1. Based on what the data block shows, is residue 87 at pLDDT 95 or above, surrounded by 19 or more Cβ atoms within 10 Å (Cβ to Cβ) and on the phi < 0 side of the Ramachandran plot?
2. Residue by residue through region 6-36, note down the ones that are touching a residue at least 40 places away in the same chain (Cβ under 8 Å), in a loop (DSSP other than H, G, I, E, B) and surrounded by 12 or more Cβ atoms within 10 Å (Cβ to Cβ).
3. Filter region 37-52 down to residues that are farther than 19 Å from residue 102 by Cα and touching a residue at least 24 places away in the same chain (Cβ under 8 Å) and give me whichever is surrounded by the most Cβ atoms within 10 Å (Cβ to Cβ).
4. Can you find a residue that is over 18 Å from residue 129 (Cβ atoms), touching a helix residue (DSSP H, G or I) at 6+ places or on another chain (Cβ under 9 Å) and in a loop (DSSP other than H, G, I, E, B) anywhere in region 78-93?
5. Give me a count of the residues in region 123-132 that are farther than 15 Å from residue 68 by Cα and either in contact with a strand residue (DSSP E or B) (Cβ under 9 Å, 6 or more places away or on another chain) or buried (at least 20 other Cβ atoms within 10 Å of the Cβ) (or both).
6. For region 125-155, give me each residue that is outside any loop (DSSP other than H, G, I, E, B), free of Cβ contacts under 8 Å to residues at least 40 places away in the same chain and closer than 17 Å to residue 85 by Cβ.
7. Can you tell me which of (1) farther than 19 Å from residue 99 by Cβ; (2) buried (at least 19 other Cβ atoms within 10 Å of the Cβ); (3) in contact with a helix residue (DSSP H, G or I) (Cβ under 8 Å, 6 or more places away or on another chain) is the one residue 160 doesn't meet?
8. Test residue 104 against the stated conditions and say whether it is in contact (Cβ under 8 Å) with a residue 12 or more places away in the chain, part of a loop (DSSP other than H, G, I, E, B) and more than 19 Å from residue 176 (Cα to Cα).
């Protein structure tokens with residue numbers, strides 16, 4: 001798992017448990033811009049593979065808030081770093097439409113090319129942060145009456161946007177890729 005975000009790498013490792021060994025490689029990858037999270041993830045995988053020459057996965061996530069016409073979208077990490085959850089809640093203060101969604105694209109790269117798997121979770125922005133689990137926007141993003149920060153990590157690893165993308169990747173990897181390598 002190539003990422004400069006140790007929390008993401010830990011979440012991926014917990015998702016796979018003992019099924020697949022996940023090694024975190026910290027690599028600063030240029031922040032590529034596109035409205036398409038699949039393309040961002042694909043470009044990140046290409047960049048990482050060109051430097052590491054080893055099979056790997058990368059991910060990218062967009063966070064889209066309907067009332068803000070999809071903002072912050074692909075700028076989610078920058079917005080979190082600059083204005084944080086407090087800033088998002090301030091911007092959303094008078095918004096009636098609080099619907100939002102996360103989409104994660106997991107890109108797997110090896111010498112045969114790049115494959116991308118995605119997952120989306122729909123929810124809403126709460127009015128105050130809640131919960132102590134997770135990271136990033138988890139305390140302000142609610143799904144089924146609880147924020148992602150209120151959901152235990154084991155459960156989150158079954159329902160989150162990243163979990164859905166990782167499930168699609170894992171299913172392909174175990175069915176198509178791993179058998180060819182044994």
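The values are calculated or read from the model by the stated rules, or taken from the named source; none is laboratory data. Not measured: the values here are computed from a predicted model. Note that we place each Cβ from the backbone using ideal geometry, even for glycine, and neighbour counts take in every protein chain shown.
1. On the way: at pLDDT 95 or above: yes; surrounded by 19 or more Cβ atoms within 10 Å (Cβ to Cβ): no; on the phi < 0 side of the Ramachandran plot: yes.
No.
2. First pass over region 6-36, keeping only residues touching a residue at least 40 places away in the same chain (Cβ under 8 Å): 7-8, 11-12, 14-16, 19-20, 31, 33-34.
In the following step, the residues that additionally are in a loop (DSSP other than H, G, I, E, B) were identified as 19-20, 31, 33-34.
Of everything in region 6-36, those that are touching a residue at least 40 places away in the same chain (Cβ under 8 Å), in a loop (DSSP other than H, G, I, E, B) and surrounded by 12 or more Cβ atoms within 10 Å (Cβ to Cβ) turn out to be 20, 31, 34.
3. Filtering region 37-52 down to residues farther than 19 Å from residue 102 by Cα leaves 43, 45-52.
Those left that are additionally touching a residue at least 24 places away in the same chain (Cβ under 8 Å): 45-46, 48-49, 51-52.
On the way: 45: 27, 46: 16, 48: 21, 49: 21, 51: 12, 52: 13.
Checking each candidate, the answer is 45.
4. Of region 78-93, the ones over 18 Å from residue 129 (Cβ atoms) are 78.
Going one step further and asking which of them are touching a helix residue (DSSP H, G or I) at 6+ places or on another chain (Cβ under 9 Å), we end up with none.
No: region 78-93 contains no residue that is over 18 Å from residue 129 (Cβ atoms), touching a helix residue (DSSP H, G or I) at 6+ places or on another chain (Cβ under 9 Å) and in a loop (DSSP other than H, G, I, E, B).
5. The total comes to 3.
6. Listed by number, the residues that qualify are 138, 142, 143, 146, 147, 148, 149, 150.
7. (1)
8. On the way: in contact (Cβ under 8 Å) with a residue 12 or more places away in the chain: yes; part of a loop (DSSP other than H, G, I, E, B): no; more than 19 Å from residue 176 (Cα to Cα): yes.
Judged against the criteria, residue 104 is not a match.
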